[in-house]
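What follows is one structure encoded as structure tokens, with my remarks underneath.
Nothing in this text is a laboratory measurement; each read-out follows from the coordinates by a stated rule. The shown structure was predicted, so the numbers you read here are calculated from the model rather than taken from an experiment. Reconstructed Cβ throughout: ideal geometry from the backbone, glycine too, with neighbour counts over all protein chains shown.
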Amino acid sequence: MTTFGVELEHASPVDRDDMAAMLRRAGIDARPAGYPGRDYTRWQVKPDVTIPTSSRARHQNELVSRVLTWGNGEDLAELQQVCQMAQDVGGKVYAPRGDRSCGLHVHVQMGDLTRQQLVEWSRIWQQQQPVTDSLVRSGRETGGANNYWCRTLSDRLWDAFRSAAGTGDAQRIAHSASGHHLAVNTQWYAERGTIEVRQRDGSLNFKKIVGWVAYILATKEHARSGLTFTGGMDYLEWLEQQGFITADHRAWAERQDTGGQPSAATAHAQQVTTTAQDSLSNLRRLQNI
């Protein structure tokens, strides 16, 4: 199963030490950490000077998850609990102000893809950029007023990424599109086998977060499947039709049905994984692989 991690940027009335202590009292392993903290076996509460604040929520907190597994019910329940606790203490995601804005950053394990699959994922993500833009807000879309920390990759950078991915050289991949100002950041590929997707605006809403992660993973499953999207319908509709994303997760990614008390979503996450694997199995059977 694919592993991932999230960074939840928000303003809070609670400082990093108190937030970490509250999480620990709830049974979640968490520690305050400086910006360079790299312990991903537990949750870290970090500072981030790019987060907009208010007099009621003046602490710039970034909740950095431990490594989570997609389809693992306990991991998703823990993510839900952290989101709810951050909201319960008064955590807020404010609209961008000048060069300050909140992002939802997702680190996804991509090191388990073959060279060709990684190249194909890059093509898919670049081609479907208009779809991705439709799922983000707060001026973080391509050419938006607040995309300083999530700029869409240029054709030149995508070409560099694909060239590096084709060689399988992890260091080349890591350096091909490396930077905290890019919507797709390859910086950590050599060290962790992950790619960071930075474009979506910040959120503490569990459903919205899970829907966004599901969309990223659906594009990964698309790349792994070998299927070609030829158009003729909405890409999200096609992903759902192929079983790469559930109807629920698609709705959450599109910011529909995301209010109220969030559900655990365990069954939905497992359904995405199982359905995608079944689809790939059927494809291979038909191709006599």
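Over the range 167-206, the fraction of Cα-Cα pairs per 5 Å bin, rounded to whole percents and listed from the shortest bin up, is 6, 26, 26, 16, 12, 8, 4, 1. For the residues Val49, Val64, Val197, a GNM of the chain with alpha-carbon springs under 10 Å puts the largest fluctuation on Val49. Among 114-120, 173-179, the peptide with the highest mean count of other Cβ atoms within 10 Å heads the list, and the full ranking is 173-179, 114-120.
Near Glu9: Cβ cut-off under 9 Å, other residues only, Lys/Arg at +1 and Asp/Glu at -1. The net charge is -3. The distance linking the range 90-115 with the range 32-85 is 11 Å (Cα centroid to Cα centroid, whole angstrom). In this simple spin-label approximation, Thr228 and Asp159 carry label points 7 Å from Cα along the Cα→Cβ vector, and these lie 2.3 nm apart. Above 12 angstrom, tally the Cα pairs of the range 219-258 and express them as a % of all pairs, no decimals. Everything past 12 Å amounts to 59 percent.
The amide H of Arg151, built 1.01 Å from its N in the peptide plane, has Leu182, Ala183 as neighbours under 5 Å, considering only residues 5 or more places off or on other chains. Backbone geometry of the range 26-39 corresponds, through the Karplus equation with coefficients 6.51, -1.76 and 1.60 at θ = phi - 60°, to 3J(HN,Hα) couplings of 8, x, 9, 5, 8, 9, x, 8, x, 4, x, x, 10, 8 Hz, x marking Gly and Pro.
Count Lys and Arg as plus one, Asp and Glu as minus one, and take only other residues whose Cβ is under 13 Å from that of Ala21; the net charge is then 0. For the range 111-267, the share of alpha carbon pairs falling in successive 10 Å distance bins from zero is 11, 38, 37, 13, 1 percent.
Under the membrane-span-like helix rule (DSSP H runs whose alpha carbons stretch at least 15 Å along the helix axis, mean Kyte-Doolittle hydropathy 0.0 or higher), the chain yields 206-225. Close amide-amide hydrogen proximity is noted between Ser178 and Thr186, each under 5 Å apart and 5 or more residues distant or on a separate chain (H modeled in the peptide plane; Pro and chain starts excluded). All distinct Cα pairs of the range 58-149 go into the 1/r average, and the inverse of that average, the Kirkwood radius, is 16.2 Å.
If the viscosity is 1.567 mPa s and the temperature 4 °C, what Stokes-Einstein diffusion coefficient in µm²/s follows for the range 28-112 when Rh is the Kirkwood radius over Cα pairs? So the translational diffusion coefficient is about 91 µm²/s. Using a Gaussian network model of the chain whose springs link C-alpha atoms within less than 10 Å, name the residue from Glu78, Glu221, Glu191 with the highest mean-square fluctuation. Answer for the Gaussian network model of the chain: Glu191. Using only alpha carbons, the chain has a radius of gyration to Kirkwood radius ratio (Rg to Rh) of 0.95.
Comparing mean-square fluctuations of Met233, Met19, Met110 from a GNM of the chain with C-alpha springs under 10 Å, the top value falls on Met233. Helical content of the chain, expressed as a calculated mean residue ellipticity at 222 nm, amounts to -13500 deg cm²/dmol (DSSP H runs of 4 or more residues, -39,500 (n - 2.57) each, divided by residue number, nearest 500).
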